[in-house]
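Chemist: Before we start, here is the structure in question, set down as structure tokens.
Where a number appears in this text, it was derived from the coordinates with a stated rule and is not lab data. The model shown is predicted, which means the values in this text are computed figures rather than measured ones. FYI the Cβ positions are ideal-geometry reconstructions off the backbone, even for glycines, and counts take in every protein chain you see.
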Amino acid sequence: MFLQHLLNGITIGGSYALIALGYTLVYGVLKLINFAHGEIYMIGAYLGFILISLLPAMPPFLQGSLPLFLLVVFGIAAMICSLYGFYLEKICYRPLRGAPKLTPLISALGASIFLQNFVMISMGAKDRIFPQTIGMRAISLGGVSFTPLQLTIIFSSIALMALLYWFINRTRLGTAIRATSTDPFMAALVGINVDTVISVTFMAGSFLAACAGVMIGLYYGSINFTLGYLGGIKAFTAAVLGGIGNVPGAMVGGFLLGIIEALGAGYFSSEYKDVYAFFILIAVLVFRPAGLLGKRSDERA
Amino acid sequence: MLRLTDLELRYGPIRALKGVTLDVAAGEIVTLIGANGAGKSSTLKAISGIHGTSGGSIVFAGRRIDNLPPHEIVALGISHCPEGRRIFGDLSVRENLLMGGYLLAKHEMAGRLDEVLGLFPRLGERIHQAGGTLSGGEQQMLAIARALMCKPGLLMLDEPSLGLAPIMVEKIFETIVALKQTGLTVLLVEQNAGAALEISDRGYVLEIGQVTLSGTSAALRDDQRVAQAYLGG
């Protein structure tokens, strides 16, 4: 049973990690918790729903190949959400650069309420059911049963994280994101356009959140416009657990949170599934405010 | 090469620069001396565009550059190595240097990295170490090397000798002279006025946001007022 819970935890944890990366990247460059990030994830899920519902209208070569079709769905949802992230920063945060810290936070909450209501009005308040695409027929292996969908989710989240890790550590723009996180003043002096770096950071975070949204939609089968609230807070917990501002920390925190939730639901009570995340958030803030991999600093999340 | 005319800069209600006029010719080392709060660092911040100005003008190579964004000013060939070194501590020495050359074209990067490492072989030995783990003197070398990566025409150094051991201070000043010999123009801000006047061609004395004295470095060294106020009698 343990392995079964572990596998379920890793599946869901991968999505938490993808969303948590968005929180942590933005916190790195702006020292701001982007509380509207959960809504980007929710919009990603809805875009996934819309695109998958369009399958019958897609060209035959896409209908014929499921992996290619999913790649297109992920890609389009992620690109549209990147634009959401780009404009979110441009409209809600950039004009408030240099304002007291509370001001952009309130702007974030406002953006979050706006986006939720925007989706509620345009897509309806009722749950939307994802069309079945990937096989849900469980495969059993050594007492652990899993679906092809689960494997797809786990592998794609790991692949996306590897992609981000490469981007952050191996490209000039990614290194500029890290440089801006350590010292935005100095970053400007070496000729980095800090505004561009901030925009790219929002876009990268939104890209990952959109992919997580599509995955969660496929996994749970139904989505709702309030999805981003709980998902966002859980991913935020994961980011704090790993150490906010720390990229590997967000990955570890996401998987850890998913696993703890799955084990808690499996061995104690599934009624309390959503409560474990908040136990962890409180415990981390009390005992290790800098997070598992975070550095101690004067400024804490 | 660089000319400031009646430059004014404010921090809120405080006027940090009250009409500074100075010029730097190509190939010179020009030093700014003055007490804390006299406006030396503010002058450099205004030139590199990191802080907006409220009056006057800055002309570099025939072009007005006041209130351009910092990255455009770097692109024009002005590199500012700020006070306190400000190494990217989590980035490796190599990454620090690559960031210094952020605006270089892709094909120029490797060649420039080799050139700069040729000037600072010590950094080459520590190329994969995190910048934050270097000693103070090495960090200052890295800060200067990083500022050189973008192939600047004018290098502005803010307190490069601050907090370093005497032997390291000497090395830094030797480096600055060596850089001048390669044709680089240097605008230097130093607390260590004696050493700065020794290696520079000309100097300006700033007091509470204004230039109160200027001249060749030799003349400034011999000036009674300078000697009393900045050279310890």
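Chemist: Could you give the angle, 0 to 90 degrees to the nearest 10, between helix A:227-242's Cα long axis and the longest principal axis of the Cα atoms of chain A?
Modeler: Relative to chain A, helix A:227-242 is tipped by roughly 60 degrees.
Chemist: What's the long-distance tail for chain A, i.e. % of Cα pairs beyond 29 Å?
Modeler: Across chain A, Cα pairs with separations above 29 Å total 33 percent.
Chemist: Quick one: net charge of A:S222's neighbours, Cβ under 15 Å, K/R +1, D/E -1?
Modeler: Combined, the nearby Lys, Arg, Asp and Glu give +1.
Chemist: Could I ask something else about it? Quick check for me: using +1 on Lys/Arg Cβ and -1 on Asp/Glu Cβ, what's the dipole size of segment B:41-142 about its Cα centre, in debye to the nearest 20?
Modeler: For this selection, approximately 160 debye.
Chemist: Okay, next question. Averaged over peptide A:191-197, how many Cβ atoms belonging to another chain are found within 10 Å of each residue's Cβ?
Modeler: Neighbouring Cβ atoms belonging to other protein chains average 5 per residue here.
Chemist: Jot down the per residue volume, in cubic angstrom and as a whole number, of the convex hull over the alpha-carbon atoms of segment A:68-219.
Modeler: Taking the convex hull of the Cα positions in segment A:68-219, it is 165 Å³ per residue.
Chemist: For chain A, with a Gaussian network of springs between Cα atoms less than 10 Å apart, report the residue from A:F287, A:F49, A:F114 with the top mean-square fluctuation.
Modeler: A:F287
Chemist: Using the Cα centre of chain A as the reference point, and only Cβ charges (+1 on K/R, -1 on D/E), how large is the resulting charge dipole? Debye, rounded to the nearest 20.
Modeler: With only Lys, Arg, Asp and Glu charged at Cβ, the dipole is about 380 debye.
Chemist: On average, how many beta carbons from a partner chain sit within 10 Å of the beta carbon of a residue in B:99-109?
Modeler: That works out to 3 on average.
Chemist: Compute from the Cα atoms of segment A:188-237 the Rg and the Dmax, the latter being the longest Cα-Cα distance, and quote both in angstrom.
Modeler: Computed over the Cα atoms of segment A:188-237, radius of gyration and Dmax are 15.3, 49 Å.
Chemist: Please sort A:237-244, B:126-133 by packing, taking for each peptide the average over its residues of neighbouring beta carbons within 10 angstrom, highest first.
Modeler: Most protected by this proxy first, the peptides run A:237-244, B:126-133.
Chemist: Hey, got the average number of other protein chain Cβ atoms within 10 angstrom for residues in B:84-92?
Modeler: Mean shielding count: 4.
Chemist: Per-residue counts of other Cβ atoms within 10 Å, averaged by peptide: what ranking do you get for A:277-284, A:119-126, B:14-21, B:77-84, highest first?
Modeler: B:77-84, B:14-21, A:277-284, A:119-126
Chemist: Report, to the nearest 10°, how far helix A:172-182 tilts away from the longest principal axis of the Cα atoms in chain A, using its own Cα long axis and a range of 0 to 90°.
Modeler: The two axes meet at around 60 degrees.
Chemist: Which order do A:F268, B:F88 fall in if you start with the one that has the fewest other Cβ atoms within 10 Å?
Modeler: Ordered by Cβ neighbours within 10 Å, fewest first: A:F268, B:F88.
Chemist: Would you order B:V189, A:V26 from fewest to most other beta-carbon atoms within 10 Å of each residue's own beta-carbon?
Modeler: B:V189, A:V26
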